[in-house]
Structure formats: C-alpha cells, structure tokens
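Some notes on the structure that comes next.
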Amino acid sequence: MSRITRVVLHKHGMGCFERHARIKGDAKLELSFRHDEMDDALKSLSVVDLGGGKLAAVSYEPHPALSERLNDIKVRLPEGGGILELLGQLIGAEVELDHAGQTLKGRVLGIEQVEESTGEVTLKVDYLSLVIDDAMRRVRIADIRSIVPADAQLRRDLSILLARMDAQRRTERRRVTLDLRGARERDVHVAYIVPATVWKTSYRVLFDEKGKPTVLGFALVDNDSQDDWDDVTLSLVSGLPISFTHDLYSPRRRARPHVRVETEAPIAPPVLEGATFDMPAQEIAAASPADDEAEYDSVKESRRMAKKARRAEMAPEAPAASMAFAGAAAPQAFRSGDMGESVSVSTRTQELGDMFSYEVSNPVSIRAGNSALVPILGEKLEGEIVAVYNERVRVGNPLTSFKLRNSTSLTLEGGPATVFREGEYAGEAMLDTMRPGEEKLVPFSVELGCRVSTRFDSSTESGQDVRVAQGYIYHTTWSRRIVTYTIKNTTKRRLKIYIDHPADRAAEYVDTPKPAERTETFDRFVVESEPGKQLEFKVTERRQHIQNLWIVPEQIESYLKLVQSAGARKDLLKALEPLLAIAREMAETQRDMQQVDRDVSQITQDHARLRDNLARLSGSGSAKERELRERYIAQLDADETRIAALRDRKAADEKKLAELRKKFEAAAQKVQG
C-alpha cells in the first residue's frame, strides 16, 4: 500500500504526485487512475526502488476499445443473467452436467417447455434436450445442479465475457500494477503527472492607523482525487510550461497495403523469328549482367530504406520519464543516480523558464474530495492609500486605491483581495501578479467625499514656420489644448490624488508638471488635495501641425503670400521669385493656347456657314451664282490656311509650356531653406 507524500500543483492544470511505499522482496504495487488520466500517467510515470530492486514491468488494464477483440466470441451473456438464454446459445455444444446427483455427458439439442399437471393446476416446466450416446433425452432444468462445457475454448470465452462484465462496473478507474523485484525490505517512490484542479489565491490587505499595509495570502487547494493527503509536502507552481495531451492509452494499428496475386491468361506457343545476322561482340558486352546487378543493388537499397522508415514509424513513443519540481530541489528519491539504477531510461534536462513556486513549509492534510485554504504569505509590505481619478472608469469621483510595492522575495500570484482599514471592511480589489520589487495601483472603493469635474479649452498659437525642401513647402503651426481638472475635497482627510490623463503621444506638455507615471494609454499626474478645499489642476498640451504643400505653378502666388505671412527669411523669398516669373510666363503661354482654340472654333463655325451657303446655290450657272461660289471657295481656302497656322502656333506653345514646366520643377527642387 502506498501513500502520497508530495504534491506539486501547477497553475496550468497539472499536478505532480509522489507516493511512497515500504515493500519486501518481490512485490506488486497497485495504483489506480481515472480513464481520462491514463494518457498522462503513462507519459510521466517514474519509479525509484531505493533498496537495489528493479522494476520488472508495469501492467495496466486495457483500453475499453479492446472489447472489439471479443467480436469473434459467438456467445453473449444475457442481459437478465438467466441460464435459459445462455443454454439456448449452447446448442450443439458438448456439456457435462450434474442432474440430481447423476453425471450426464451429451450435446445440447435445445430447450423446450412441457405442460405438467398437479391436481387441478397445470404448469409449464423447462426441460433441456440432450443427445446422449445417439439417444435423445430430456432433463428437467430445475434439477440440474451444474453444467460444464466440455470445450476448453468455450469455457475461456465465458470467462472473458464475465471479466468484461466486471470491468464495465469499474469504468471510472483503471488499475496500474508495478511488478517490483528485490530481495530485502526497502523503500519505493513512485511519481506521475496527471490533470489536477487549478489552485487559486486570495489576499487580505490590512491597513493600520498609520496607513501601512500588511498582506495575508492564501492558496485555495482542491483535492479532487480519491486519496487522502495526510501530512504531504505541498508546492504550488505558477507559470506557463508547454503541456499537451497525447493518446498513449488507446491501442494503435497500422493499415497495410493489400497485395493481389497477379494472374496471367495462358498464351499460345509463340513463333520466333529466325536470326538473319550475328550480334557483334561489343553489343554482347554492353548487354552483360553488370547492368542487371546495378539495377538489383538499387532495388535492394530502396527496400532497405523503406524497412528503416517502417521501423521508425512503428517504434513505440517513449514516455517522458523526467519530472521537474519548479522552485525546489528534486526529492531525495528522484536523484538521477537512483533513478538510473532502478529503470533504464534516457532523459534530458532543460531550463524551467519563467516559473515560480510557493513551497509550503508545514505539512498539509486534505481529505479526498475536500478543499483547504493554505497560508502562503503574511508580511508587511510598502504601500499607501491614495485616490485615482480616471474619467473612463468613473466620471465625477476618484477611486480609493492602495499603491503596493512587493518588497518580498516572492512573486505574488494574481487573485482577489479584501481590504480592511483599521479593522473595518473597506472594499475589494483584484490584484495582478506582482514580481519582487514591482508596484501596483489597485482600486478598492469609490471616494464619494471628493468630486472632480473636467473642462476643455483649445487655442491656436500665432506663431508659424515655413520650410522649403525638395519641391515642397512645409508649413508648421501649433495649437494648444488645455484640460482643467477641478477637485473639491469635502472629506476631513488630506487626499493624494493620481489623475489619469489620456496621453497624446504626438503632443508635448507646456506649463504643466512632469507626469509621475506613464502607462500605455495614460499619463499619471499627482496632486495633493487639502480637506474641505477646492483646487484646479491644468494640463496644457502643445501639438504641432505640419502641412506639406507641393510647389506647382498654379499655386505659386498664394504660396508666396503664405511664406510672407509666416515671416520667412528674405533669402527664401528671393529664391522663390524666379519661380513666380516662370509661372507667369507659363500662364501667358496657356492663355495664348486658349486663344488659339477659340480662333479655331470660330473658323470652324464659319466653315459650316459657308458650306451651307454653297449647298443652297441653285446650280443655274448664272454669273452672280458663279461669283458667289468662287467667293465662298476662296474664303474656305483662306480659312484653311489660317487654321494650319493656328495649329502650328499651338504646337509651338505646347512645346514651350513643357519646357517651362521642366524648368519650373528643376528650379523648385533647388530651393532650400
């Protein structure tokens, strides 16, 4: 019989359990696990025999899926457990039975009911029909004392079925038996890792009349196993080690390819052609067996690699035999030398990582199915009571909070905390995990005796700045936002108030004290509020606004005005003046192109009118008509000449405009300042 001596509970839901037993000589040590614990138990089970003994084997009850192997057993136990239904399945089987003290041997023919009368009462009586020495005989079933199947296989099947029925009643637990071999009395230690309930923490924060805190910490531990924990060594580990489930308990089978025997249809005797020439000697050498041997070697190597791959696939996965107890040295029973002598294993160690543990100094006793509060902390820490105003959490009132510094060497696991001030209940809080030396600001109630209001103002500064570089004008202006916090303290206490001001990382503070702390989204300022007084605390933010303006000819005049209004240097204005001249020349060229377009449009309209007039002529051939026709044609010819000239003029303007634009862009790139 073994008992639990050490328990290590991990925050990620696993528990390491160490058991101790005192045995003598060859012994079998039994453990039991729930069905859902078997995979982890098989993955982590470790045994150390300290008296020079050896672990011969570890056997365990099969997985329920092994019941599939019973499919070849044709006998089934009846649901009601009656013998009649079972005898009905033994038809044809040879049995030996004790009938009223007489031994009979024969084969079962069947079961029948016979009506028998006793006085005025008629009853149906069950009889077993047998074939004995080629003769059929009926025996009353009620007179049969025992029935023994003559077939050993049938007896074995019945035994397996009965064992299966017994196992079904114990589906919640699985037996694991350790076969230990040795010669003398000795100690045996067994350890394993299985799922366990997650341990929790809760705290009591006690403030004395001077406002100094004492923190009491408790771990809530649940014993959900079927074993009592009597004076066990308890360790509570927090962290996030890699942990997973892996099915080791279920049997595995590999599917193999099905190979069919290839058959060929018979063929008629072939007629071979006669040889017409002799094969040259060099071709005979080329067809020597060397090629066949090389091909054979290649096939042999492929088969060897395939066998090696199959062996790697079929190799059983080695359960992890190492155990790590975070925050403490390994127990005496699990030193590497002792384990190596008890079981031949191969392990490798690795750093535990970012984990911490509580080593409970006093032995702990928890009955199976019960829970307990285990003290883990009781020390005075550095801290004070303050108020925190965060408008996103609560508008109008600050939250009474405690600022706590973990001055211990322990990491405090997160959990709920109940706060007491001078012996009176003051509120509740949620404490995050605290590393040694870390500080936390934790609210626990609302300070109704203090009111905070907020007012927002904004303004634009008169100053501005202009900078030119790489064809852009960078125009910079500044604005200010002023947030005024009005604090009215109606209590009789001096309040230290932390104001959580939403942080604008693109702005800078001016005429404002430096924040005492910075969080991801807030800047935290500290103010002192006297009892019965009102004060205003202003936070002024200065924000820079930069406008990027691409220097283009169409906007150069407005940009020059902007530069002048910003009070830019004279040399910068002088550097921009050539751009204005180029832009004006470009504008004049564009106006000329627009005039050309208007002239061409007017001529086109005149052409339409002249063609219409030509169409209206009657074609009589009179002198006046000939004169009009000639005049219209001459006018059309002159207009065509003028249109050609206008088009040449526009093409020249377009070329000039493109050259001017390149010149403007090149000059704009050169301006710096």
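The values are calculated or read from the model by the stated rules, or taken from the named source; none is laboratory data. Just so it is clear, the model here is predicted, and its values are computed rather than measured. Because the Cβ atoms are built from the backbone with ideal geometry, glycine has one as well, and the counts that use them run over all protein chains shown. In case anyone asks, the SASA skips ligands and DNA or RNA and just uses the protein heavy atoms, side chains included. Shrake-Rupley method; radii C 1.70, N 1.55, O 1.52, S 1.80 Å.
Side notes on the structure shown:
- Only one of the numbered conditions (1) at pLDDT below 85; (2) open to solvent by less than 70 Å² (accessible area, probe 1.4 Å) is violated by residue 596, and that is (1).
- Matching option when the condition is modelled with pLDDT of 85 or more, among the aliphatic types (A, V, I, L, M) and in contact with an Asp or Glu (Cβ under 6 Å, 6 or more places away or on another chain), among 248, 220: 248
- Of everything in region 560-579 that is assigned to a helix (DSSP H, G or I) and under 26 Å from residue 480 (Cβ atoms), the residue that is most open to solvent (accessible area, probe 1.4 Å) is 561.
- Within region 358-391, the residues that satisfy the criterion of being open to solvent by less than 40 Å² (accessible area, probe 1.4 Å) and within 30 Å of residue 525 (Cα to Cα) are 381, 383, 386, 387, 388, 389, 390.
- Residues being surrounded by fewer than 17 Cβ atoms within 10 Å (Cβ to Cβ) and more than 30 Å from residue 514 (Cβ to Cβ) - total across region 535-559: 9
- Criterion violated by residue 531 - all others in (1) outside any loop (DSSP other than H, G, I, E, B); (2) open to solvent by 40 Å² or more (accessible area, probe 1.4 Å); (3) more than 30 Å from residue 464 (Cβ to Cβ) satisfied: (1)
- So residue 643, is it under 24 Å from residue 603 (Cα atoms), surrounded by 12 or more Cβ atoms within 10 Å (Cβ to Cβ) and touching a residue at least 40 places away in the same chain (Cβ under 8 Å): yes
- Residue within region 164-179 that is open to solvent by less than 10 Å² (accessible area, probe 1.4 Å), modelled with pLDDT of 90 or more and in contact with a Gly (Cβ under 7 Å, 6 or more places away or on another chain) present: no
- Count of region 536-569 residues which are in contact with a Phe, Trp or Tyr (Cβ under 9 Å, 6 or more places away or on another chain) and in contact (Cβ under 8 Å) with a residue 24 or more places away in the chain: 18
- Residues of region 143-159 that are open to solvent by 50 Å² or more (accessible area, probe 1.4 Å) and assigned to a helix (DSSP H, G or I): 143, 152, 153, 155, 156, 159.
- Counting only residues that are hydrophobic (A, V, I, L, M, F, W, C) and open to solvent by 10 Å² or more (accessible area, probe 1.4 Å), region 16-28 holds 3 of them.
- Qualifying residue in region 462-472 (condition: under 45 Å from the mean Cα position of the chain (by Cα) and open to solvent by 30 Å² or more (accessible area, probe 1.4 Å)): no
- Scope region 392-431; condition assigned to a loop (DSSP other than H, G, I, E, B), open to solvent by 70 Å² or more (accessible area, probe 1.4 Å) and not basic (Lys, Arg); matching residues: 393, 395, 409, 422
- Exactly one residue among 57, 41 is open to solvent by less than 60 Å² (accessible area, probe 1.4 Å), assigned to a strand (DSSP E or B) and either at pLDDT 90 or above or touching a Ser or Thr at 6+ places or on another chain (Cβ under 6 Å) (or both), and that residue is 57.
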